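These notes are about the structure you will find just below.
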Number of protein chains: 6
Amino acid sequence: MEENQKRLEEKIGKVPEIFKELKETDPDLYARVMGLDQMIWADGALSRQTKKIIAIAIAASLRDEHAVRAQMAGAGKLGVAKEEIEEGLRVAFLLAGMPAYVYGKTALEEYLGDRPRK
Amino acid sequence: MEENQKRLEEKIGKVPEIFKELKETDPDLYARVMGLDQMIWADGALSRQTKKIIAIAIAASLRDEHAVRAQMAGAGKLGVAKEEIEEGLRVAFLLAGMPAYVYGKTALEEYLGDRPRK
Amino acid sequence: MEENQKRLEEKIGKVPEIFKELKETDPDLYARVMGLDQMIWADGALSRQTKKIIAIAIAASLRDEHAVRAQMAGAGKLGVAKEEIEEGLRVAFLLAGMPAYVYGKTALEEYLGDRPRK
Amino acid sequence: MEENQKRLEEKIGKVPEIFKELKETDPDLYARVMGLDQMIWADGALSRQTKKIIAIAIAASLRDEHAVRAQMAGAGKLGVAKEEIEEGLRVAFLLAGMPAYVYGKTALEEYLGDRPRK
Amino acid sequence: MEENQKRLEEKIGKVPEIFKELKETDPDLYARVMGLDQMIWADGALSRQTKKIIAIAIAASLRDEHAVRAQMAGAGKLGVAKEEIEEGLRVAFLLAGMPAYVYGKTALEEYLGDRPRK
Amino acid sequence: MEENQKRLEEKIGKVPEIFKELKETDPDLYARVMGLDQMIWADGALSRQTKKIIAIAIAASLRDEHAVRAQMAGAGKLGVAKEEIEEGLRVAFLLAGMPAYVYGKTALEEYLGDRPRK
């Protein structure tokens, strides 16, 4: 797992870098974006885990390879079960086509492939 | 609520009609599509309710007005709470922009607007 | 059929209007766009009819309701068979999700619904 | 012009309603979203007007009819010239296809159609 | 050609792997997906070859690099002519923008580049 | 800067190759596409620079990595300021989600990262 996490962090490492740059050039906008971000991901009527599953399904539906990876990494850290992500991706299949499923599953195997099924 | 459901069924009534037509012209394909559909929506690692929230978030992200409505109607029948759909739409906001949220919220108010918050 | 064609022309009537406006304000751009348009639709390695089927499948996949209708009208005029469009929309189902199929079929029934199957 | 603005406000009136509802149910999120919104639209390296042109081009490229209308209304209020919006839509044509141009031009004529060209 | 096919299979090799995994973890869903897949691609009112051209045009329009490659490989095996795919991509240009054409042509040259034009 | 430009040209080098191929196989279509392309990008009510900013924002909103890079390269050659592109990408954030911003900023740092801020 750790090996995968490291590879992932290299791959999506650009995201924190981008926001680090924003923090320097426009700290006010940075603060607002981060505040909104935290508020949206916080536990509420839906858990953080469920929100990550939704995010992965959206990203896969949009064929957004970077967002799929970033959200998959987040899901991995929060301990979301592979089966749950997989079922979310099936909904993406129905709503956005077989390639949406393939995008999501590819990242699922890449990052959580060594995690035992529940 | 019943009033809303009726209006909804008029609006998304085309979907059942389309599949009715398919049933007549190609019953074999119809059976396969329906079988896959049922399998994907069934309770599993995720509940039917959670799957509807995911579907609404995907449809809103794709600016797919028809799918938003169809899934919202389904969510209404399954008794999904407004707050849960709303939080799913916030994830769509972050991943797919403010208009995705607007698409979803518009349908949410249209179909579940008279449902009391939890 | 004629009834449908008339309704359609009302619905997609904005498209010719837009290009009429362009013709007046920028005749040079208009000429180039129209020239490219004609060249792309002309019979070649693929027939005009096949190109319309492709265009409908793309438009449905993009949930582009206006383009679906405009292309469906064009397909109607060229005498494309309902079955051919329907099979093109199945490919859209697989590549872009069930709602893509629904978008296309809705327009297919709306404009070519009274045409007998081959 | 006023007549158009009124029609527009009816059409996009749902957007303010949605945010009014959010203000009541979650004032904190509302405040953050509005704060971010204002910051993004403010004059900076690009003027408010240029930002509206960009927003219209994006919305048209995404076939996002609601966002096209909402942004077009905003552009109208800020006095953006028709020619500028039109040239932005040509870029959308090149990057996202002829229907993107049609979506944008339809809304342009609908809301700014009675405004004299510069 | 064989050289290209081999490179391709490496690149899109993840797709069969994903479905192999699905076959093990959920053989019932796998059987349904594969059954639907075969039914959609079968010769009918449109030939298998025409369906591949449609699929490539859709995938290019969605900027779906993986699906473009997977469908291009399938088209190569079915002996679809380069000119036909190229004309399908021109329709994608018109409906979804110049980059859609670029996505498709890049894959076309990559996989069928050494195939003589008809 | 020159180092970046060179890297970029390698990366987007496929685009000119594709159009070179088109020039040989279909000089007439090539001439029309290039003519339209030049007309759309020319200075008019909007400057060439502003058009590039719009193009980058559209491409980022569509998660179109190739188009983002190609347009970013063009913006670099025309001397568009980093701050202007950055503000255009914030509009993309609002209209198309945080990942749209990330796509654009990644390319911005990659190609114009060594350019001093104004």
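More than 21 Å apart: what percent of Cα pairs in chain E qualify?
Values: 2829 of 6903 pairs.
Taking all Cα-Cα pairs of chain E, the fraction more than 21 Å apart is 41 percent.
Could you run the Karplus curve 6.51 cos²θ - 1.76 cosθ + 1.60 with θ = phi - 60° over region B:20-26 and give me ³J(HN,Hα) per residue in whole Hz, x for Gly and Pro?
Along region B:20-26, the couplings run 4, 5, 4, 4, 6, 7, 8 Hz.
What nm value, rounded to one decimal, do you get for the distance between D:LEU78 and C:ARG115 when each label is placed 7 Å out toward the C-beta?
It is 4.4 nm.
To one decimal in nm, how far is F:PRO16 from the same spot in the other copies, if labels go 7 Å from Cα toward Cβ? Please give the shortest first.
Those label-point separations list as 3.9, 3.9, 4.4, 5.2, 6.0 nm.
Got a sec? Charge dipole of region F:49-118, +1 on Cβ for Lys and Arg, -1 for Asp and Glu; which of F:ALA81, F:VAL91, F:ALA60 is way out at the positive end?
So the residue furthest toward the plus end is F:ALA81.
Could you calculate the FRET efficiency of E:ASP37 with D:ASP43 from 1/(1 + (r/R0)^6), where r is the beta carbon distance between them and R0 is 45 Å, rounded to 0.05?
Between E:ASP37 and D:ASP43 the formula returns 0.25.
Taking the Cα centre of the protein assembly as shown as the origin, how large is its charge dipole in debye, to the nearest 20, when only Lys and Arg (+1) and Asp and Glu (-1) carry charge on their Cβ atoms? Numbers along the way, then the final one.
Details: 114 positive and 120 negative charges, 1 e Å.
In total the dipole reaches around 0 debye.
Check the axis relating chain A to chain E and name the residue of A whose C-beta is nearest, distance in whole Å.
A:ARG63, 4
Taking the label point 7 Å from Cα in the Cβ direction, how far apart in nm is B:GLY113 from each other copy of itself, listed shortest first?
Taking the point 7 Å beyond Cα along Cα→Cβ, the inter-copy spacings are 2.7, 2.7, 4.9, 4.9, 5.6 nm.
Just the projected area, averaged over all directions, of the convex hull on the alpha carbon atoms of the protein assembly as shown: how many nm²? Mind dumping the intermediate values first?
Details: hull surface 116.9 nm².
Approximately 29.2 nm², given one-decimal rounding.
With +1 on each Lys and Arg Cβ and -1 on each Asp and Glu Cβ, and nothing else charged, work out how big the dipole of chain A is about its Cα centre, in Debye to the nearest 20. Write down the numbers at each step before the final one.
On the way: 19 positive and 20 negative charges, 64 e Å.
The calculation lands at about 300 debye.
Using a label point 7 Å beyond Cα on the Cα-Cβ vector, give me the inter-copy distances for E:ASP43 in nanometres, one decimal, shortest first.
For E:ASP43, the inter-copy label distances come out at 2.4, 4.7, 6.0, 6.0, 6.9 nm.
When Lys and Arg each count +1 and Asp and Glu each count -1, what net charge do the other residues less than 11 Å away from F:ASP43, Cβ to Cβ, add up to?
Details: positive: F:ARG48, F:LYS51; negative: D:GLU87.
Net local charge, F:ASP43 excluded: +1.
Values in this text are rule-based calculations from the coordinates and carry no lab data. Please read all numbers here as calculations on a predicted model, not as lab measurements. Backbone-built Cβ (ideal geometry, glycine too); neighbour counts: all protein chains shown.
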